[in-house]
1. Mind ordering B:185-193, B:236-244 by average Cβ neighbours within 10 Å, highest first?
2. Can you compute the helix-only [θ] at 222 nm over chain B? Use -39500 (n - 2.57) per DSSP H run of at least 4 residues, normalise by all residues, nearest 500 deg cm²/dmol.
3. Angle between the Cα long axis of helix B:127-140 and the longest principal axis of chain B, 0 to 90 degrees, nearest 10?
4. In square nanometres, what is one fourth of the surface area of the convex hull spanned by the alpha carbons of segment B:142-218?
5. Let me check I've understood the local charge: for A:K55, count other residues with C-beta under 14 angstrom from its C-beta, Lys and Arg +1, Asp and Glu -1. What total comes out?
6. As a test of the formula, what do you get for chain A when each DSSP H run with n ≥ 4 contributes -39,500 (n - 2.57) and the sum is divided by the residue count, at 222 nm and rounded to the nearest 500 deg cm²/dmol?
7. Just need the relative contact order of chain A here, percent rounded to a whole number, with Cα pairs under 8 Å and 6+ apart.
8. Order of B:157-169, A:77-89, A:117-129 by packing, highest average Cβ count within 10 Å first?
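The values are calculated or read from the model by the stated rules, or taken from the named source; none is laboratory data. Predicted model only: the values in this text are computed from it and were never measured. Reconstructed Cβ throughout: ideal geometry from the backbone, glycine too, with neighbour counts over all protein chains shown. Just so you know, the surface numbers come from the protein's heavy atoms only, side chains and all, with ligands and any DNA or RNA stripped out. Shrake-Rupley method; radii C 1.70, N 1.55, O 1.52, S 1.80 Å.
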Amino acid sequence: MDKHIVTSYDNDLEYIKILIIEMGVLLEKQTFEAIELIKLHNLKIMPTIRETEKKINSAEKRIREYSTNTLTKRQPLADDLRKIIVSIKIASTLERIGDHAENIANRIEQAKIVPTNYLTDSIYRLGQSVIKNLSQALTAYDQNSITLSKNVSLEDKKIDLLYETCFREHLVLMMEDNKNISYFTQMLFIAKELERIGDLCKNIAKEVSYSVEGKIS
Amino acid sequence: MKKSGNLMSSKIKISSKDVSVFYSQNKALNNITFDIDEKKVTSLIGPSGCGKSTFLRCLNRMNDTIDICKVKGKVLIDNEDIYAPNVDPVLLRARVGMVFQKPNPFPKSIFDNVAYGPSIHGLASSKDELENIVLTSLQRAGLYKEVKNRLSETGTSLSGGQQQRLCIARAIAVSPEIILMDEPCSALDPIATAIVEELIDELVKNYTIVIVTHSMQQAARVSQNTAFFHMGNLIEFGSTQKIFSTPQFKQTQDYITGKIG
Ligand SMILES: Nc1ncnc2c1ncn2[C@@H]1O[C@H](COP(=O)(O)OP(=O)(O)O)[C@@H](O)[C@H]1O
Ligand SMILES: [Mg+2]
C-alpha cells in the first residue's frame, strides 16, 4: 500500500479499518452465541447477548461518525473515497446482521421447551455455514481479497439451498405433529433469519469488490 | 496514454497532435495528443512544472511571445492548424481568450477594461454598440449587478473575486470561442471561487473552456473531461467522473489521492 503524503490521512483510513474489524469480531461472537443457543438452550446468556447488541449499535455509530469526519477533513477521491463509503455501508450491514442474531436469540427464548421428537439439527448446521461465511466475508474485507469475496457469493448459493431444505423439512414436521406447531414456526423463522444473515454477508463481499476494483457488481 | 471512460460523442473543438514544446534545450512537453470537446470544460491537472501552463499557452500561441520557446506538432481548432503561416496570432487570441491566476485588470476604468478588446479589434461600429458589448459581457461574467453604478471607477478598486470576473468579462468581450483559464481561482477565497465556478457552468453553454487547476475538487465540480499531466507527458485523459473515481493509471491515482508514488 502506497502511503499518503499526509501521514495522519493514512492513520485515519487505518483506524476506520480497525473499527470495522473490531465490529466484525463482535458480530462473529454474537452470531456464534445465537447459533449455539439453538443447540444448547442455555438462556443464561441472554443478558450478554443484549449487551453485545448495544455494543454493536454504538460501534456502527462510531464508524459512521469517524468516516463522516474523515470525508470532511480529507475530501478523499478514487480508492480512498471508495474505502470510506464501503466502511459506512459495511458497518450498517453488520449492524443489521446483529439485529438478526438477536432475533434468533429472542425466538429461542420464546420457543421454550424443545419437543421430544425434535431430532434434526439442520438449522444448527445452516447456522454453522452462515457463520463460516460471515467470517470469510470479514477476512475478504481485511485482506482486500477479490478471491475470498467471490467465494462468499458462491457459498451463499449453498446456504440458500440449505435453507430450502430446512424449510421443507420443518413443513413436514408441522404436518406430522400439530401439537408443536408453534415451536416449529419459531424454528422456521430462525432459519429465515439465518438465510438473511447469509445474504448480508454476500452484500459485504460485494462492497469489498467495489472497494478494490471500483466496479459495482 | 490511454483514453478512459465513455466520452459522450460531441464535436471536437481543439485537437492537439503530437505537440512537443522546448525551452531552449529543455523539453517541457512530450508528444501530447488528445482532443478537446466543444462547449465542454476540460481540466488539466498535474504536479507543478508538469507543463499544464505551457500546454495551455500552445492553444493560443502565447508561447510565440517567449523567445526560447519552440512548439512542434500541430494544434487544430475547428480542423485548422493554428500554427499555419497564414494565421494571425493576434486574431487567434481574440478567438481563444485567456484568464490568468492573478487577476490582472488594466489600471483603467471598469468600463474601459472591458471595452479595450472590442475597440482594438474594431468589433463595434458605434459608441452605443461598444456600450452594448461591455454591458452584455459584464452580465455574462456575472458582474454587472455589482458594478453597474461604478463603471467609471478603476478596475483595481474591485475585490479579488470581482477583478477575476472583470478579466473574464474582458475575455468574453471579443466574442471568443474558447476560454483558457490558468488557475483562475487560486488567489480567491471560497465564496469568490464558488461564484467563478458557477459562472464557468454558465459560460460552458456558449464557450469551450480549458482550465488548469490545482484543486482536484474543483476539477471534479466544473469539468466534464480531465487530462492528467506528469513530467511533460499526458498520462491519462478521460471523463472527469472516471478519472476521479477509477483512474486507470497508478500515477494518476497516486496524484489525485495525494500518495507518494
Ligand atoms: N518561460 C519559460 N522559460 C523556461 N522554462 C520554462 C518557462 N515556462 C515554463 N518553463 C519550464 O517548463 C516546464 C513546465 O512549466 P509549466 O508549463 O509552467 O508547468 P505547470 O503549469 O504545470 O506548473 C517547467 O520545467 C518550467 O520550468
Ligand atoms: Mg502553471
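1. Highest mean packing first, the order is B:236-244, B:185-193.
2. So the calculated ellipticity at 222 nm is -10000 deg cm²/dmol.
3. Helix B:127-140 sits at roughly 50 degrees to that axis.
4. Projected over every direction and averaged, the Cα hull of segment B:142-218 covers 5.3 nm².
5. Here the charged neighbours net out to -4.
6. My calculation for chain A gives -30500 deg cm²/dmol from helical runs alone.
7. So the answer I get is 27 percent.
8. B:157-169, A:77-89, A:117-129
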